[in-house]
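Reviewing the structure listed below.
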Amino acid sequence: MDTNARPARYDVLFEPVRIGPKLAKNRFYQVPHCNGGGYRDPSAVAEMRRTKAEGGWGVIFTEQTEIHQTSEITPFIEQRLWDDREIPALARMADAMKSHGALAGIQLAYSGINGPNLYSREVPLAVTGGPILTFTADPVQARTVDRDDIRNIRRWFCNAVRRARTAGFDLVCLYGAHGFGIFQHFLSRATNQRGDEYGGSLDNRSRFVREVIAELREETRDEMAITLRLSLHEEGTLGLSNAELREFIALNADLPDLWDLAHGTWENCSGTSRFVGEGAQEDLVAGIKALTPKPVVGVGRFTSADAMVRQVRQGILDFIGAARPSIADPFLPRKIEEGRFDDIRECIGCNICVSGDMTGAISRCTQNTAFMEEWRKGWHPERARPKGPSESVLIVGAGPTGLEAALQLGKRGYRVALAEATTTLGGRVERERQLPGLSAWGRVADFRTGQIAPMANVETYLDSRLTADEVLDMGFEHVAIATGSTWRRDVVARLHLAPIPTDPAMPLFTPDDVMAGGGPVGGRVLLYDDDHFYMGSVIAEVLAARGCRVAFITPATKVAEWTENTLEQGVIMRRLLSLGIDVVPSKAPEVIGAGEVTLGCTWTGARTSVPAEAVVLVTSRTPNDALYLELRERDWAAAGIQSLKVIGDAAAPGPIAWATYAGRRYAEELDAPDIGDALPFRRELAELAP
């Protein structure tokens, strides 16, 4: 490892830092983060953490780990430590974390008012009883804990720590942030309205966390470090404010071995790059280090080594906390250590990783196509499989799918030609990065083009729109068609499965038109969104900036409803309303006339007419598969082509993360043996109990 390749100013990031009885080898601290695997996919989660250890992180944590069956958050799939049978899976993870010298941490959570117990069917217990506060508004209420309950919860934390120590963890994180942990529930007047010695004054509200940590000190015999994760600021007059948090830290300066600080709600803490910049929590955390002799870790979607150094040098943070950047590039610390800054795969802040947890699926990452496939498929974020017997591949289309396929095939050692019909690389990414708030998404193209540029075995051809005859004549052994997709110019999507009556006199536009600089300027515009992700709201912003009076029509009950899975829906709604956009939910066009649109209520069918000078349709996309379909009908095998595949949006349009994954999968599976009907990934099944 060549540490001389980096400028000396970055050396501070690689200084060892003590956390209670443990010593972290550097300042790179992977804070707890979800991944969709949890108790269901223990080996996949362990191998994902092992990759981060290999990448040089000094501290690596699990995700939220439920300590007791009386507080679980189904349908979310996190870790569990309910009894001793959970120890072996967590021990495998701890071993993986420590495999390259990192400290292994486990985050312990009792969710209280956030735990609906839909699986365990136990009565939820909360600091102050009331309706369960979850994303899904579960029709369940929690019972207020009494003194016996409090003693039980303290004992359950001790049991969990004993099991964590047996599993081999070095650190424990007590979860009291994002509104999800009972420590925050005790500290905040919003969730603590008790009249006994655990409520009222800040000193009383602090009693529970002091008692738990005191008992854990006895349990761990100072063999494990104890960290405390708290919210930097809760919204609302009753929430734990930043000022009150600082007062708490000043009064309990030596309480944990480390203070782990993050913004109040998960939505605020993990805001997307569309709305939140790098290091956005600095004002909330600045000055807290002066209140305590213990180290402080904070987060902020850090991707810039200079920003990291500045926060350490200025005494803002001791550790650089990262969740999403550690997903996008598990080798971020090692690349900084070796001065390989151009090789850093920067997080784009799209929160597709979060959506895996929110949907109960396996998480994925737009930038790191190997994320959560390290064990399932044997993919690695840095190392490539050896090349197979073939030599050459032609990829048609240099969008996110084509670029990723070219990069991975190039790393494997194939001779690759990447043909792009336009004069720029990036495809949809290059177009979308021009939209409001989406500039960071350009990193998807920038990273891949930067990595491909020095590869002698990968050639890029711009302004090269190929015909089927040209493809057949080029002499490549394998051909991948990655020509993307086009937004439809009609209402066909989820609600309408066929076109509706449309007067040709009404100007109709799509996101493609708007991204190309076309579309309406001024006037009354009806935007119809049956896509429900980000595009409709972004296009609405563009139109509003052009002076259009926009009516945002959606058949859903809220705008951009799928963005609840990326923690953006509320922010998007506030943004549209602040721009004066008229939001009309539960409506859809039934007839598009020359100067008006007839809307139908999606519940009752009742119709109303609204005037419009133009209509913008954000509905669904059509694969650009004409070249593939023509080639498929030709005798491509006679031309020496061994395989012909259509991949990415050209096969089935999806988010950009689906596109990059498709490129990676194509590259990984080239020259692989035919597995027939077998699963293309590994999974673990529960054993049958006696």
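The values are calculated or read from the model by the stated rules, or taken from the named source; none is laboratory data. Owing to the predicted nature of the structure, the values given are computational and were not obtained by experimental measurement. Note that we place each Cβ from the backbone using ideal geometry, even for glycine, and neighbour counts take in every protein chain shown.
For the stretch 121-152, which positions are within 28 Å of the chain's Cα centre (by Cα) and among the hydroxyl-bearing types (S, T, Y)?
Those that are within 28 Å of the chain's Cα centre (by Cα) and among the hydroxyl-bearing types (S, T, Y): T134, T136.
Can you tell me which residue within the stretch 357-369, out of those that are among the hydrophobic types (A, V, I, L, M, F, W, C) and surrounded by fewer than 24 Cβ atoms within 10 Å (Cβ to Cβ), is nearest to S270 (Cα to Cα)?
So the residue we want is M358.
Looking only at the stretch 138-177, which residues are in a loop (DSSP other than H, G, I, E, B) and among the acidic types (D, E)?
Within the stretch 138-177, D138, D146, D170 meet the criteria.
Does the stretch 203-210 contain any residue that is modelled with pLDDT under 95, touching a Leu at 6+ places or on another chain (Cβ under 9 Å) and in a loop (DSSP other than H, G, I, E, B)?
Taking every residue of the stretch 203-210 in turn, none turns out to be modelled with pLDDT under 95, touching a Leu at 6+ places or on another chain (Cβ under 9 Å) and in a loop (DSSP other than H, G, I, E, B).
Given the structure, is R433 under 20 Å from the mean Cα position of the chain (by Cα), farther than 17 Å from T366 by Cα and either of a type in the set (A, V, I, L, M, F, W, C) or at pLDDT 95 or above (or both)?
no
Among the residues of the stretch 457-479 satisfying the criterion of being within 20 Å of L644 (Cβ to Cβ) and of a type in the set (S, T, Y), which is surrounded by the most Cβ atoms within 10 Å (Cβ to Cβ)?
The extreme case among them is S464.
Which of the residues that make up the stretch 516-554 are in a loop (DSSP other than H, G, I, E, B) and either more than 20 Å from L567 (Cα to Cα) or hydrophobic (A, V, I, L, M, F, W, C) (or both)?
A516, G517, G518, G519, P520, V521, G522, G523, F533, R546, G547, C548
Is it fair to say L425 is farther than 22 Å from D473 by Cα and part of a helix (DSSP H, G or I)?
In short, no.
Which ones in the stretch 629-675 are without any contact (Cβ under 8 Å) to a residue 24 or more places away in the chain, in a helix (DSSP H, G or I) and of a type in the set (D, E)?
E633, E669
Among the candidates G38, G105, G55, single out the residue that is touching a helix residue (DSSP H, G or I) at 6+ places or on another chain (Cβ under 6 Å), buried (at least 18 other Cβ atoms within 10 Å of the Cβ) and of a type outside the set (V, I, T).
G55
Among the residues of the stretch 144-179, write down those that are out of contact with any helix residue (DSSP H, G or I) (no Cβ under 8 Å at 6 or more places or on another chain) and either of a type in the set (D, E) or within 17 Å of N114 (Cβ to Cβ) (or both).
T144, D146, D148, D149, W156, C173 - these are the residues of the stretch 144-179 that are out of contact with any helix residue (DSSP H, G or I) (no Cβ under 8 Å at 6 or more places or on another chain) and either of a type in the set (D, E) or within 17 Å of N114 (Cβ to Cβ) (or both).
Quick one: in the stretch 480-491, which of the residues that are hydroxyl-bearing (S, T, Y) and surrounded by 17 or more Cβ atoms within 10 Å (Cβ to Cβ) is farthest from I581 (Cα to Cα)?
T483
Can you name the residue in the stretch 492-540 that is in contact with a Cys (Cβ under 7 Å, 6 or more places away or on another chain) and surrounded by 21 or more Cβ atoms within 10 Å (Cβ to Cβ) and, of all such residues, is nearest to G600 (Cα to Cα)?
Per the stated criteria, the residue is V525.
Do you know which residues across the stretch 232-275 are outside any helix (DSSP H, G or I), crowded, with 21+ Cβ neighbours inside 10 Å and of a type in the set (A, V, I, L, M, F, W, C)?
L232, L240, L258, W259, L261, A262
With the requirement that a residue be under 17 Å from W259 (Cα atoms) and surrounded by fewer than 22 Cβ atoms within 10 Å (Cβ to Cβ), what does the stretch 180-206 give you?
S206
Considering V571, V559, V618, which residue is over 24 Å from R488 (Cβ atoms) and within 26 Å of the chain's Cα centre (by Cα)?
Only one candidate passes the filter, namely V571.
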